[in-house]
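**Student:** Input: one structure, supplied below.
The values are calculated or read from the model by the stated rules, or taken from the named source; none is laboratory data. These numbers were taken from a predicted model, which means no experiment stands behind them. Note: ideal-geometry Cβ built from the backbone for every residue, glycine included; neighbour counts use all protein chains shown. Ligands, DNA and RNA are stripped out before the accessible areas are found, and what is left, the full protein with its side chains, is counted by its heavy atoms. Shrake-Rupley method; radii C 1.70, N 1.55, O 1.52, S 1.80 Å.
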Amino acid sequence: MKKILLFLGAAVLLAGCATVETSRQGGRTMVSVANNGWYLFNCIPIASGDPASPNNFSTKFFTQTVTLRNNIKMLDYAMRKEGATGYKEVVSRTSDETYIFILLKRHSCMTSAELVRDVEPLWKMIP
């Protein structure tokens, strides 16, 4: 029982995490967004990442924030931060990990996309 309480305490301390990562390779700007949350009995939120404050040690306690809607909001945040006008090839997936049978579950929602900028028409580039 002591190990279970220690594990639950560590899970709450590490808590939820919301991240936005950007990569600029090969002339493309790719963004990856993730949000994680811990749930008791798969339905009671304990701690989730704060989508309003990605990449910071910020946690929302007893709030369900692991949703596709919040991932799209973080994708919009990355788009504005990078000066892009839109995104394409959006891919999202979710995963669930169960710990201590059905007692504790970790939900994750990940989204990736390519950021795009408006390109001037070719005729404007010709002298």
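Listed here are the residues, each with its yes/no results for (1) among the hydroxyl-bearing types (S, T, Y); (2) open to solvent by 60 Å² or more (accessible area, probe 1.4 Å); (3) closer than 11 Å to M110 by Cα; (4) not in a helix (DSSP H, G or I).
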| position | (1), (2), (3), (4) |
| --- | --- |
| N56 | no, yes, no, yes |
| K60 | no, yes, no, yes |
| V66 | no, no, yes, yes |
| K73 | no, yes, no, no |
| R80 | no, yes, no, no |
| E89 | no, yes, no, yes |
| R93 | no, yes, yes, yes |
| E97 | no, yes, no, yes |
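**Student:** Run R106 past the list (1) exposed (fewer than 15 other Cβ atoms within 10 Å of the Cβ); (2) of a type in the set (K, R); (3) at pLDDT 90 or above and report the number of the one that doesn't hold.
**Tutor:** Single failed check for R106: (1).
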